[in-house]
Amino acid sequence: MATAGSGGQPTSSAGQTALGGGGASTAGGSSGAGTGGQAMAEAGQAGATDGEPPDVWFQPSDVTIARTPPMGWNSWNAFKCNYTATDIEAMADALVSSGMQAAGYEYLNIDDCWADHRAADGTIVAASNFPNGIKPVVDYIHSKGLKAGLYTTVGDGTCVGRPGSRGHTSQDANTYASWGVDYAKIDWCGVQGDPATNWRDWRDALKATGRPIVFSICTAGRFDPWNWAYATGNLWRTTDDINPNWSWILQILDQNEPLASLARPGAWNDPDMLEVGNGINTWDIQSDAQNKTHFSLWAMMAAPLIAGNDLRKMTPAVKAVLTNPEVIAVDQDPLGYQGHRVRHAADVELWVKPLSGSGERAVALFNRGTAAESITIDWAELGLSPGTAMVRDLWAQKDLGTLANFSTEIQPQATTLLKITGKPPAFPSGHAYLSDLTPSYASNYWGPIERDQSNGEQAANDGKPLSIAKTPFAKGLGVHAGSLVRYALGARCSSFSVQVGVDDDVTGAGSVRFIVSADGAPLADSGVMKSGDAPKKFTLNVTGKHELKLLANNADDGNNFDHADWADAVLDCL
Ligand code: GLA
């Protein structure tokens, strides 16, 4: 069903995305713990740390690049139009000398305000702030072992009125490639016609150059990018422009969080560039706690980490935030799962991001409030088995012990960021209903994913009995598209069967596309299903598979009324 239309932003409810409903009992079977000292991914796949193969349905320009969220620096937040080629080269020097490059920051991106006019043959020509043009600056960036990014818009004019690319898409893509550009941020100002077509043309033009160029779609949150950009770019802006205002940064967080199901290696939600170190006003991001919270939660969301501060003037505290290797490792984890909020009580939020190591979870505890708050978490909330788990504080880079649960007090606006390594849930065994298993990952657009009931959009257990086209189902998952649920199989199962459809509990017309894959290979695609359509049944061979992936896509028309049922979802295993 259509969303509010252009400019519409997703609104988060409580933002819970963990499984709700009945007990999280798990069938027996061996766990995915490591053997012989070799780390094994939770799915039970030896050495499986590289996520999954390039996505089989949704191909952006080039999924062989940006396999982890891009990291770098961009000129816009710090400079707007007040910079020259010399400043850009100084920033390349600073990326290296500050240790940012060693920490993983790779791209140096020139944003708006470099283009001036077109030559007689249509070639874009740089303004006087680049007296020798763009190519020597790109060469300088490359000489530092960095990569170079450039900006334009799909329209006639950029957002500050410089020449855009309309009518010159292929020519500009070829020019960028000939200059050695590695990253293209393509903005929305002046867009004409069908928005998505504009960026698809850019995707095709970049691909045609033959050069691997990261394709950054910047709609500034307009034109419902969750309906198309996720299948077009390596990253796509999900919100309007960031600025250092603390409460606006939190709004951006809330808008990006429910889109977790779209992120995957090669393709990332982009909640915009970092404002760490940029606060000026009292209402801005200023304190160490605020800077760490911003960076922690961007890392949890597998967001591109594009610094936006003047690296020549960075304080030691700001540098320490931007270069903390253990926090960066959360963002860059090769599994590429976007972390999400699983609990939100009063002002305290619990976020979880599964990492590639067996039983590893990045966990953020964020206090939005104005007073210190206490929180206790247990391992079930993280999708881990009970028992003890190793807890490490990532900001302090310090082990906190092997614990049965974790309690702490969080200061206002602060985030405690942890890596918790526990026992993954047991692999399924026998005739195992998904709603009786613990998933390795579960994200949902609205409300928690429900067991054996439909999605009620808000709290756990607020759904109704599962029902598709008047057919009732006792067992199954009630999700809200876009939703992604994953289960580790450990190569122990032979068959997965499921009936899918839009639940009868919606008051309007929902539309969902159900997609099942295992180990990156497609198994089933329902096509678009609407409210009232009879359930579609799939019986799928999962022999030898390590991981089952259930994607409920919004059918590219927004998320309203998309109550999606994975009914009678059952595995047959050893
Ligand atoms: C838009 C983008 C920003 C920046 C400016 C430049 O507002 O969203 O990120 O690129 O244009 O004009």
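Would you rank Lys470, Lys398 by solvent-accessible area, highest first, keeping every protein chain in place and using a 1.4 Å probe?
The ranking, largest first, comes out as Lys470, Lys398.
I want the local charge near Arg341. Using Cβ-Cβ distances under 10 Å, sum +1 for each Lys or Arg and -1 for each Asp or Glu among the other residues. Before the final figure, lay out each step's value.
Working: positive: Arg343; negative: Asp254, Glu257, Glu349.
Overall, the nearby charge balance is -2.
For the chain, what is the calculated [θ] at 222 nm in deg cm²/dmol (nearest 500), taking -39500 (n - 2.57) for each run of four or more DSSP H residues and dividing by its residue count? Mind showing how you got there, number by number?
Working: 10 runs with 95 residues, N = 574.
Taken over the chain, the calculation gives -5000 deg cm²/dmol.
Using the per-residue mean of other Cβ atoms lying within 10 Å as a proxy for protection, in what order, highest first, do the peptides 266-274, 431-439, 511-519 fall?
On the way: 266-274: 26.7, 431-439: 20.9, 511-519: 23.9.
Going from most to least packed, we get 266-274, 511-519, 431-439.
Please sort 194-205, 253-264 by packing, taking for each peptide the average over its residues of neighbouring beta carbons within 10 angstrom, highest first.
Ranking, from highest mean packing down: 253-264, 194-205.
Place the peptides 301-311, 97-107 in order of packing, highest mean first, counting for every residue the other Cβ atoms within 10 Å and averaging per peptide. Before the final figure, lay out each step's value.
On the way: 301-311: 25.4, 97-107: 18.1.
Result, highest mean Cβ count within 10 Å first: 301-311, 97-107.
List every DSSP H helix in the chain whose Cα atoms extend 24 Å or more along the helix's own long axis and whose mean Kyte-Doolittle hydropathy is at least 0.5.
Both cut-offs are met by no helix.
If you check each cysteine of the chain for another cysteine whose beta-carbon is under 4.7 Å away, which ones come up empty?
When partners are defined as cysteine Cβ atoms under 4.7 Å apart, the chain leaves Cys218 without one.
A 29 angstrom limit on the alpha carbon distance is what I want to check against. Which of Lys419/Lys536; Lys353/Lys398; Lys185/Lys313; Lys419/Lys549 exceed it?
Lys419/Lys536, as the Cα separations exceed 29 Å there.
Using a probe of 1.4 angstrom, how much of the accessible area of the chain is carbon and sulfur, in percent?
Carbon-and-sulfur percentage of accessible area, whole number: 52.
Starting from the 7 Å offset along Cα-to-Cβ, what nm value, one decimal, do you get for the label separation of Asp121 and Lys313?
So the label points at Asp121 and Lys313 sit 4.1 nm apart.
Roughly how big is the chain's charge dipole about its Cα centre, with Cβ charges of +1 (Lys, Arg) and -1 (Asp, Glu), in debye to the nearest 20? Kindly include the intermediate steps, with their values, before the conclusion.
On the way: 41 positive and 62 negative charges, 149 e Å.
Using Cβ point charges on Lys, Arg, Asp and Glu, the chain gives about 720 debye.
Compute log10 of I(q)/I(0) for segment 263-411 with the Debye formula, placing one identical point scatterer on every Cα and leaving out solvent, at q = 0.09, 0.14, 0.16 Å⁻¹, to two decimals.
-0.29, -0.72, -0.94
Taking amide hydrogens as modeled 1.01 Å from N in the peptide plane, which residues meet the under 5 Å criterion relative to Ala414, leaving out close sequence neighbours?
Asn367
With only Lys, Arg, Asp and Glu charged, each at its Cβ (+1 for the first two, -1 for the last two), find how big the charge dipole of segment 113-181 is about the Cα centre; round to the nearest 20 debye. Don't jump to the answer; show the numbers that get you there.
Details: 6 positive and 5 negative charges, 35 e Å.
Dipole size: approximately 180 debye.
To the nearest 10 square angstrom, what accessible area does Cys573 show with a 1.4 Å probe?
Its heavy atoms expose roughly 20 Å² to the probe.
For q values of 0.18, 0.19, 0.23 Å⁻¹, compute log₁₀ I(q)/I(0) with the Debye formula on a Cα-only model of segment 113-194, without solvent.
The calculated log intensity ratios at q = 0.18, 0.19, 0.23 Å⁻¹ are -0.73, -0.81, -1.15.
Taking all protein chains together and a probe of 1.4 Å, list Phe538, Phe79 from the most accessible to the least accessible. Kindly include the intermediate steps, with their values, before the conclusion.
Working: Phe538 40, Phe79 20 Å².
So the residues, ranked largest to smallest area, are Phe538, Phe79.
Please tell me the relative contact order of segment 61-110 in percent, rounded to the nearest whole number, where contacts are Cα pairs under 8 Å and at least six residues apart.
Rounded, it is 60 percent for segment 61-110.
Per the Kirkwood formula on distinct C-alpha pairs, the Rh of segment 500-547 is how many angstrom?
So the Kirkwood estimate lands at 12.1 Å.
Can you work out the Karplus-derived ³J(HN,Hα) for every residue in segment 267-279? Use 6.51 cos²θ - 1.76 cosθ + 1.60 with θ = phi - 60°, whole Hz, and x for glycine or proline.
7, 9, 5, 10, x, 5, 6, 6, 10, 4, x, 9, x
Once you order the gyration tensor axes a ≥ b ≥ c over the Cα atoms, which shape class does segment 197-343 get: rounded for a/c under 1.5, otherwise prolate or oblate by comparing a/b with b/c?
Verdict is prolate for segment 197-343.
Using each residue's phi in segment 524-541, evaluate 6.51 cos²θ - 1.76 cosθ + 1.60 at θ = phi - 60° and report the 3J(HN,Hα) Karplus result to the nearest Hz, with x for Gly and Pro.
7, 9, 6, x, 6, 10, 10, 3, x, 5, 4, x, 9, 9, 10, 10, 10, 7
With every protein chain left in place, what is the accessible area per residue of the chain in square angstrom, probe 1.4 Å?
Working: 19250 Å² over 574 residues.
Per-residue value: 34 Å².
Where Rh is the Kirkwood radius over the Cα pairs of the chain, the temperature 25 °C and the viscosity 0.890 mPa s, what D in µm²/s does Stokes-Einstein return?
102
The values are calculated or read from the model by the stated rules, or taken from the named source; none is laboratory data. The shown structure was predicted, so the numbers you read here are calculated from the model rather than taken from an experiment. All Cβ positions, even for glycine, are placed from backbone atoms using ideal geometry, and neighbour counts span all protein chains on display. Ligands, DNA and RNA are excluded from the accessible area calculation, which covers all protein heavy atoms including side chains. Shrake-Rupley method; radii C 1.70, N 1.55, O 1.52, S 1.80 Å.
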